[in-house]
Amino acid sequence: MNFLAVKTIFLFEMSRMWRTFGQSIASPIISTSLYFIVFGSAIGSRISEIDGINYGAFIVPGLLMLSVLTQSISNASFGIYFPQFTGTIYEIMSAPISYVEIVLGFVGAAACKSMILGILILITAAFFVPLQVDHPMAMLAFLLLTAVTFSLFGFVIGIWADKFEKLQVIPILVITPLTFLGGSFYSLDMLPPFWQKVSLLNPVVYLISGFRWSFYSKADVGVGVSLIMIALLLSSCMLFIRWIFKTGYRIRS
Amino acid sequence: MVMISISNVSKSYKGGFEALKKVNLRIQQGELFALLGPNGAGKTTLISIICGLSRATSGAIQVGGFDIVSDYRQTRQLIGLVPQEISLSIFETVWDAVSFTRGLFGCSPNPDYIERLLKDLALWDKKDNLLMTLSGGMKRRVMIAKALSHEPKVLFLDEPTAGVDVELRQEMWKVVHRLRESGVTIILTTHYIEEAEDMADRIGVIHHGEIILVEEKDKLMKNLGTKQIEICLQEPDTVDVEAFKDFELKFDKSEMILTYDPREKPTEVEDFFAKLTQQGISYTDVKSRHSSLEEIFVKLVRDA
């Protein structure tokens, strides 16, 4: 294992976060805070509790998940796309480093950045809404698994994208709608039975449900089912990345 | 000792285009090998395969005795690559960019070595500058610094002087000379064939994906080169061209240029001057020159 190479890629990617602090940290925290102010404090004060949870507190896991999903994808996709765009990918591909090590460096940094952001958003949320975390270790585990899974997904998008615009297509057109419709702002019980069933086709429902359970011990679907769904998504991304490196898709002719 | 061994390497693409056709080549440790060929001949494809950027369709390559596929960590550790295109992460400083490459190759930080390298390449005073602020020539030198950051034993220079001004080019060649003296094996591709003529130990010519010639430079110049005698005529208008029809001659204003192969016609010069005397032609100057590598290269590619 070329640990030095993994560390080099990891630190290089992390340094981008500090260099683009406004975009990487400040912007998602401010936009999530606005959600807390608008939906939590302003409108939320007129909405009754959901499952016995204050509405402002209820939306915290969903909003946190929204940020973590989009930032994981964005960080990882940009991280691997940028060397392809500038041509510097040649030195990564010609270095004595395996694909597992490349993925560890890029995805590790992307997931780490998302975790830091998630924790910062959680701290910010505590200023606006009454927050409780019933299962802190499970909460961290869900956060980590989600960050890693969607960073892997972002890595795939970064390899697939052949222009900057494509980096935004999946997060904006797929992930954000799925998150909004995945129970970020409501419980599935509030939907008509038909739409409840349709919602179960949305994988983000399972992520938010499991994550919300770690906060308030209440979930739309069983925690075990949520974990299986994350494991399935994680495995799919890993298999897809393995295929990319095995075939050399878009990285090695 | 053979440093790079290429055996029957072919590369074909989906559309059926064959970029390399059963290429065989041995490059000795410590030599400076110039790989010449017209655009699209397969030079960069071959280099890309050796460095791990591309995959051969068939054949085998060993670097330092290691197979580039099964022992890729060992082979890539030995290799430094300066690609044709300037590809840099422009938001980094020179120091960070070079250190990053060293780390990628699994080498622990060595600030003394990086300092020496940057000084050798006249980049030391720019070490804290962002790459985006550097000139094209300096960026090219950063590319070389990155390729040397992990102290490779083999250096591939894929047209490293393209777009570099004469002064910088000469500085870069001094660095290459020093590397060669230190025992680094250098494989060079260049469009400036006079550079290959000046520096290379051996020349390989690739055309349409095939190696059409590999020869020591001196032997190549001797064996494939022709000679020319230029006679500066005193009265060019009085020359009877018909009398010289047995010679390969060209007339250029007041000059008469004889081209001949000394191996095929050893008495050509003697015969020519005898004819000049016989015809009573007087001349003011005589110049002799050997054909350049460029002329040999053009002839080789044209005849291939």
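The values are calculated or read from the model by the stated rules, or taken from the named source; none is laboratory data. Keep in mind that what you see is a predicted model, and the values were worked out from it rather than measured. With ideal geometry, Cβ positions are generated from the backbone for all residues, glycine too; neighbour counts draw on all protein chains shown.
For the reader, a short list of remarks on this structure follows.
- Qualifying residue in the range B:48-68 (condition: in the same structural domain as B:E215 (by TED's automatic domain parsing), basic (K, R), modelled with pLDDT under 95 and surrounded by fewer than 19 Cβ atoms within 10 Å (Cβ to Cβ)): yes
- A:G40 within 29 Å of A:S214 (Cβ to Cβ) and either among the aliphatic types (A, V, I, L, M) or touching a Gly at 6+ places or on another chain (Cβ under 8 Å) (or both): yes
- Residue pairs meeting the criteria (Cβ under 9 Å; at least 6 apart or on separate chains; first away from chain A (no Cβ under 13 Å) and over 9 Å from B:I4 (Cα atoms), in the range B:59-73; second β-branched (V, I, T) and assigned to a loop (DSSP other than H, G, I, E, B)): B:A60/B:I68; B:A60/B:V69
- The range A:88-142, subset crowded, with 21+ Cβ neighbours inside 10 Å and in contact with a strand residue (DSSP E or B) (Cβ under 8 Å, 6 or more places away or on another chain), residue nearest to A:T70 (Cα to Cα): A:E91
- Where helices (runs of 4 or more DSSP H) fall wholly inside the range A:145-253, no range has 1 or more residues that are in contact with a Phe, Trp or Tyr (Cβ under 6 Å, 6 or more places away or on another chain), within 14 Å of another protein chain (Cβ to nearest Cβ) and free of Cβ contacts under 8 Å to residues at least 12 places away in the same chain.
- Hits in the range A:88-99 (condition: over 10 Å from B:S89 (Cα atoms) and facing chain B (nearest Cβ under 7 Å)): A:Y90, A:E91, A:I92, A:M93, A:S94, A:A95, A:P96, A:I97
- Residues that are surrounded by 19 or more Cβ atoms within 10 Å (Cβ to Cβ), more than 19 Å from the chain's Cα centre (by Cα) and within 30 Å of B:L81 (Cβ to Cβ) within the range A:44-87 comprise just one, A:P83.
- Positions within the range A:175-199 being surrounded by 13 or more Cβ atoms within 10 Å (Cβ to Cβ) and within 18 Å of A:T146 (Cα to Cα), in sequence order: A:I175, A:T176, A:L178, A:T179, A:F180, A:L181, A:G182, A:G183, A:S184
- Check on B:L81, part of a strand (DSSP E or B), within 14 Å of chain A (Cβ to nearest Cβ), more than 21 Å from B:I212 (Cβ to Cβ) and touching a residue at least 40 places away in the same chain (Cβ under 8 Å): yes
- For the range B:240-256, the set of residues classified as among the aliphatic types (A, V, I, L, M) and over 36 Å from the mean Cα position of the chain (by Cα) consists of B:V241, B:A243, listed by residue number.
- B:I211 being at pLDDT 85 or above, surrounded by 15 or more Cβ atoms within 10 Å (Cβ to Cβ) and in contact with a helix residue (DSSP H, G or I) (Cβ under 8 Å, 6 or more places away or on another chain): no
- When residues in the range A:27-71 are screened for being touching an Asp or Glu at 6+ places or on another chain (Cβ under 9 Å) and farther than 19 Å from A:V133 by Cβ, 0 of them pass.
- Residue that is surrounded by the most Cβ atoms within 10 Å (Cβ to Cβ) [pool: residues in the range B:22-47 that are among the aliphatic types (A, V, I, L, M) and part of a strand (DSSP E or B)]: B:L35
- For the range A:11-43, filtered to residues that are among the aromatic types (F, W, Y) and surrounded by 14 or more Cβ atoms within 10 Å (Cβ to Cβ), the residue that is modelled with the lowest pLDDT is A:F39.
- Residue, farthest from the other protein chains (Cβ to nearest Cβ), within the range B:84-118, restricted to residues that are of a type in the set (F, W, Y) and more than 27 Å from the chain's Cα centre (by Cα): B:Y113
- Residue count, the range A:211-253 (criterion: surrounded by fewer than 16 Cβ atoms within 10 Å (Cβ to Cβ), out of contact with any His (no Cβ under 8 Å at 6 or more places or on another chain) and of a type in the set (S, T, Y)): 5
- Taking the range A:88-113 as the range and being in a helix (DSSP H, G or I) and in contact with a Phe, Trp or Tyr (Cβ under 7 Å, 6 or more places away or on another chain) as the test, the residues that pass are A:Y99, A:V103, A:G105, A:F106, A:V107, A:G108, A:A109.
- On the stretch given as the range B:260-295, residues that are assigned to a loop (DSSP other than H, G, I, E, B) and either of a type outside the set (V, I, T) or more than 35 Å from the chain's Cα centre (by Cα) (or both) total 11.
- Residue in the range B:5-20 that is within 30 Å of B:E294 (Cβ to Cβ), free of Cβ contacts under 8 Å to residues at least 12 places away in the same chain and among the hydrophobic types (A, V, I, L, M, F, W, C) present: yes
- Yes/no for B:A97 being out of contact with any strand residue (DSSP E or B) (no Cβ under 8 Å at 6 or more places or on another chain) and at positive phi: no
- B:L46 passes every criterion in (1) over 19 Å from A:S253 (Cα atoms); (2) more than 9 Å from every other protein chain (Cβ to nearest Cβ) apart from (1).
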